[in-house]
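Here is the structure we will look at, set down as C-alpha cells.
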Amino acid sequence: MSGERPDDWSPLGASILKDQRRAYDEMRERCPVAHSEFMGWSLFRHEEIAAVLADSETYSNVSQFLAIPNGMDPPDHGRYRKALDPNFDREQMARVEPLARGIAAGLLGPLHSGIEVEFINAFATPFALKTLCAILGWSERQWDCLGGWVHGSQQAAFNKDPVAGKHLASLFSEHVKANLDARLDFPNDVADTTDALMRTEVDGVPLDDDQIVSILRNWTAGQGTVAASLGILVLHLAQETDLQERLRKDPSLVPAAIEEILRTDGPLVANPRITTRAVKINGRSIPKGAHLTLMWIAANRDPRAFEEPGAVKIERDTADGLVWGQGIHFCQGAPLARLELRVAIEELLAKTKGFELVGDNDPDRDVFPGNGFANLPLRFS
Ligand code: HEM
C-alpha cells in the first residue's frame, strides 16, 4: 500500500472492467481498503462492509440529491421506509405475482425449439420494466422509455457526467409527473401502486410529486438490477445444464439457486456511504467526510465468509450474504425482486426443454455500476 495520498487502484482500468469479479477478488486480497479518485475509499471485505452497514451513525447515506429512502439517515429514513414498506408486503406480492407471470408467459410465447434469441432485450429488460408498469397501473408501452432511462443513468454514472445525469433526471421527472397528472384527470378503477403512492403520508403530510419521482427513480433502477440479475442467472443455467435440469424437475429449489448464483456473481457493484467522523479500517486512516464505496461483489465472494466462495452450492446457507445489503438500508424491493426472479426462472424452465449459450465465449460484461450483460444470445430447445 502506498503513502500519504494513496491511489491504490484505478476502478475504470481496462483490466478491471474486463472481468470485475476477478479484479475485485484480487483487490480484496491485495488491498482490502483501497483509495481511488473515482470511488473514494472502497471496501472489499465482508467483515468490514458488514461493520459499516451496522453503524449508520458513523457511515451516513445522506445524499445531495433527494433520494427516498436510500439517501436518508435515521430518524427520517425510518419514517419514509415505514410509509413505503406496505408496497412490498405479502398482500401486494400476491397481487403482483399473476401480473409478472402473465408478462413472462407473453414474452416467452414466441420462443420455439431451435430459435436463437438475444435474451436481455427479448426478455430480461422488458420483463422487469413491464412488471413495474403493471404494478404502477401505467401502460405497458412505457417500459421502453424507462429502459432508456436505466441505460442512460448507468452510462452517466460510469462517465461521472453531471450534465447527462441532470438531463436524464429531468426527463424521468417529466415522465413520472405526466403519469401522476393523468391519474388526477382519469382516476383508475383498480387500486394500484400509483394510487397508493399518491395517498401515502409521512407524519400526516402527503408525498409531493418530487418525492414520488425520487421513490420511482429508485424502484426503476432496482428493476434494471432485476434485468441484470436475470442475465447472470440464465447464463449460469445455460452453462450448468445439470443444475438447469435439477431446477426444471424441482422448481422448489429455484429461490435458493437464485440467492446462491447472485452471491457468486452479483448484479450490482457498489453503494456509497460518507464518514461522519475520522475512522480506521483495516489499518487505514480515513478522514471525516470521506466517500466510501461498499463493494458487494467482492464481499459476497470473500473466503473468510464463505467456504469455496466461487462455487455455486444451492444448499449453502446464504443468510450472511450481502446481495441485498444488510441493516436499515436492506433492499426494500427485495420481496418484489425475489418474486420477479423466481417467476421468470420458473416460467423459463417450464416453457422450454433446455437453453444454451450461442457461441463458445462468455458474452461481454456491463461495467460499473452494473455487472450484467448488454447481450446474451441463447438457443432454445
Ligand atoms: C436483483 C435486484 C436487486 C438487488 C440485487 C438489489 C440490491 C440492493 C442493495 C444491495 C441495497 C442496499 C444499498 C445500501 O445499503 O446502500 C438495496 C437498497 C434498496 N433497494 Fe434494492 N436491489 C434490487 C432490486 C430492487 C427493486 C426491484 C427495488 C424496488 C422496486 C429496490 C429498491 C430498493 C430500495 C428502495 C433500497 C433502499 C433501501 C433503504 O435505503 O432503506 N431494489 N438494494
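Bear in mind that the values in this text are calculations on the coordinates, not laboratory data. This one's a predicted model, so the numbers in the text were calculated from it and none came from an experiment. As a convention, Cβ positions derive from the backbone with ideal geometry for all residues, glycine included, and neighbour counts pool all protein chains shown.
Any chance you could check the Cα centroid distance between region 174-227 and region 39-64 for me, in angstrom? Each part reduced to its Cα centre gives a spacing of 29 Å. Amide H to amide H, with H built 1.01 Å from N, PHE373 comes under 5 Å of ASP366, counting only residues 5 or more places away or on other chains. Cα centroid separation, region 249-299 to region 76-141: 25 Å.
Working out 0.36 nm times the residue gap between GLU118 and ALA105, then minus their Cα-Cα distance, what length gain in nm do you get to one decimal? Please list the in-between numbers first.
Working: separation 13, 0.36 × 13 = 4.68 nm, distance 1.67 nm.
Difference between extended and current length: 3.0 nm.
At an R0 of 35 angstrom, the distance between the Cβ atoms of ALA51 and ASP161 translates into a FRET efficiency of 0.60.
For Cα pairs less than 8 Å apart in space and 6+ apart in sequence, what is the mean separation divided by the residue count of the chain, i.e. the relative contact order in percent?
Values: 553 pairs, mean separation 103.4, N = 381.
Result for the chain is 27 percent.
The fewest-to-most ranking of SER139, SER153 by surrounding Cβ atoms within 10 Å reads SER139, SER153.
Going by how many other Cβ atoms sit within 10 Å of their own, how do GLU97, GLU37, GLU347 line up, fewest first?
Values: GLU97 14, GLU37 10, GLU347 21.
Least to most surrounded, the residues fall as GLU37, GLU97, GLU347.
The residues packed around ASP210, meaning those with a beta-carbon under 15 Å from its beta-carbon, carry a net charge of -1 if Lys and Arg are +1 and Asp and Glu are -1. List, in the order given, every pair from LYS82/LYS288; LYS313/LYS353; LYS18/LYS313; LYS177/LYS353 whose Cα-Cα distance in the structure shown is over 32 Å. Table pairs above 32 Å Cα-Cα are LYS177/LYS353. Between LYS177 and ASP317, the modelled labels are 5.1 nm apart [label points 7 Å from Cα along Cα→Cβ].
Taking the number of Cβ atoms within 10 Å of each Cβ as an exposure proxy, the fewest-first ranking of THR200, THR276, THR293 is THR276, THR200, THR293.
Taking R0 as 41 Å, what FRET efficiency do you get between ASP7 and SER139 from their Cβ-Cβ distance, rounded to the nearest 0.05? Here the calculated transfer efficiency is 0.30.
Take every Cα pair under 8 Å whose residues are at least 6 apart in sequence, average their separation, divide by the length of region 270-381, and the relative contact order is 15 percent.
Provide the FRET efficiency to the nearest 0.05 for the ARG79-THR241 pair, computing r from the beta carbons and using R0 = 51 Å. Working from the Cβ atoms, E equals 0.55.
Label-to-label distance for LYS249 and ARG277 is 5.7 nm, based on points extended 7 Å past Cα in the beta-carbon direction.
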